[in-house]
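I have placed the structure first, in the form of structure tokens, so that the comments after it can refer back to it.
The values are calculated or read from the model by the stated rules, or taken from the named source; none is laboratory data. None of these values were measured; they are calculated from a predicted model. When we count neighbours, we look across all protein chains shown, and the Cβ atoms used for this are built from the backbone with ideal geometry, even at glycine. Areas reflect the complete protein model, heavy atoms only, side chains present, ligands, DNA and RNA absent. Shrake-Rupley method; radii C 1.70, N 1.55, O 1.52, S 1.80 Å.
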Amino acid sequence: MSVSSINKGLEKIEVTLKWDPSPIGEPVRDLDLIAATYTRDDPHGEPDYLVHFDSRSPDGTITLNRDSRTGQGFGPDEAMTLELERLADTYARVVVGVAIQQGGGRMTFGDVANSLVEITEGYTKLAEDDFSGVPRSTAATVAEFVRSDSGAWELRGGVTGFDTEPESFVREMGRGIS
């Protein structure tokens, strides 16, 4: 993952994901953006809450704005907005990941054509990745946002691959980072 710089004081972030649809006759390729929030009391334990599958956070600070099940259409197939500046002080980390649904048989990032995740703040691209570094993985973390001691949010970039089902990934995605 290329990260333009370590940015401090991030406020409103958009994470977009796109990929090509399955060729005719092959199982549908369904990738999902997932965000997990972690409290200061348990920054590497169980997430306090998850945002995924056309949902939003209880406080409205993280919203999955677009959820595709096929990769068809123009522009991003999935889009998530994270209003980090509005998150309660009790939150210390937010981890964003991508999981591939496995309903049509085992599928990895190497099986998905032209996948791309982009992380932006306004018109500034903070990071992007095409998952070429994790071709045998079925899920990956794509960003970790961490609150500094001053209260400002920072991006810690890097794609980390996982070989797991989406249900297991949501339990594991925040434990191995930082």
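Here are the numbers:
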item: Condition check for Ser2: modelled with pLDDT under 90, buried (at least 16 other Cβ atoms within 10 Å of the Cβ) and among the small types (Gly, Ala, Ser); result: no
item: Extreme residue, surrounded by the fewest Cβ atoms within 10 Å (Cβ to Cβ), among residues of region 51-81 that are at pLDDT 90 or above and either of a type in the set (Val, Ile, Thr) or more than 27 Å from Gly103 (Cβ to Cβ) (or both); result: Gly60
item: Counted residues, region 28-45 - those being surrounded by 14 or more Cβ atoms within 10 Å (Cβ to Cβ) and either assigned to a loop (DSSP other than H, G, I, E, B) or over 11 Å from the mean Cα position of the chain (by Cα) (or both); result: 7
item: Selection count, region 138-175, where residues are open to solvent by 70 Å² or more (accessible area, probe 1.4 Å) and either part of a loop (DSSP other than H, G, I, E, B) or touching a Gly at 6+ places or on another chain (Cβ under 7 Å) (or both); result: 5
